[in-house]
Amino acid sequence: MRHTVDAADAPALTFEALQALPPEHWPELLLTLQPAVTLLHLDWNTPAIWRCLVDEQPLSAPQPGAQHWLVYRRQDLMAMWRSAAPDEARLLLLISHGITFADLCDVMAEHNDQTESIPAQAAALLRQWVSAGLLVDTCPAPVRPTSGN
């Protein structure tokens, strides 16, 4: 949580920036996680134990089991955390290294027999990540016509 609070700020990717992106530029759209995003892979039920501590409830017993959690800071500076499904965690790990939208779709296609549904699935994940403010705006600035004097 400390990293999430102390991490550098970066401009968040917005729906407006995505709408302004010409269709031919979508494949090379670079997807990058905000500096305040941390992806945790846990081997125990640590979040349940932490929740008990925060809520001053009796501690639940430690239980083994792989879990993925996402810790991030919203644009309003609120620190958040939520679980992430294994497939989403794998994709977010790739994005943490910087991949393009085309790469994201290719990786999704490798693990899905119904490739025709990949664009819709990728768009749904992108919508979720943009809504949460997880991605850095890497879209080129829109070109504005210059006025002749």
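Taken together, the values in this text are just the output of simple stated rules run on the coordinates, not laboratory data. Just so it is clear, the model here is predicted, and its values are computed rather than measured. Using ideal geometry, Cβ is built from the backbone for each residue, glycine included, and neighbour counts are taken over all protein chains shown.
For region 59-137, GluC sites (Glu not before Pro) meeting the loop criterion (DSSP other than H, G, I, E, B) and having at most 10 other Cβ atoms within 10 Å: none. Once the Cβ-Cβ distance between A61 and A85 is put in as r, and R0 is 30 Å, what FRET efficiency do you end up with, to the nearest 0.05? Result of the calculation: an efficiency of 0.80. Counting neighbouring Cβ atoms within 10 Å and putting the fewest first, the residues R127, R90 line up as R127, R90.
Estimated from the Cβ-Cβ distance and a Förster radius of 35 angstrom, the FRET efficiency linking A12 and A48 is about 0.70. Relative to the longest principal axis of the Cα atoms of the chain, the long axis of helix 118-132 lies at roughly 70 degrees. Over region 14-88, what portion of Cα pair distances is larger than 15 Å, expressed as a whole percent? So the pairs more than 15 Å apart make up 69 percent of the total in region 14-88. Taking the Cβ-Cβ separation of V71 and T115 as r and a Förster radius of 41 Å, what is the calculated FRET efficiency to the nearest 0.05? For R0 = 41 Å, the calculated efficiency reads 0.80. The GNM of the chain, with springs linking C-alpha atoms under 10 angstrom apart, assigns the highest mean-square fluctuation among L135, L77, L53 to L53. Taken along the Cα-to-beta-carbon direction at a fixed 7 Å, the label points for Q128 and H97 span 2.2 nm. Over the Cα atoms of region 2-132, each weighted equally, I'd like the Debye log10 I(q)/I(0) at q = 0.22 Å⁻¹, rounded to two decimals. Summing over Cα pairs of region 2-132 leads to -1.40. Listed values for region 56-72 are Karplus-derived 3J(HN,Hα) couplings in whole Hz (6.51 cos²θ - 1.76 cosθ + 1.60, θ = phi - 60°), namely 6, 10, x, 5, 7, 6, x, 10, x, x, 5, 9, 10, 10, 10, 10, 8, and x replaces Gly and Pro. With angles folded into 0 to 90 degrees, how steeply does helix 101-110 sit against the dominant principal axis of the chain? Use alpha carbons for both and round to 10. Between the helix axis and the principal axis of the chain, the angle is about 50 degrees.
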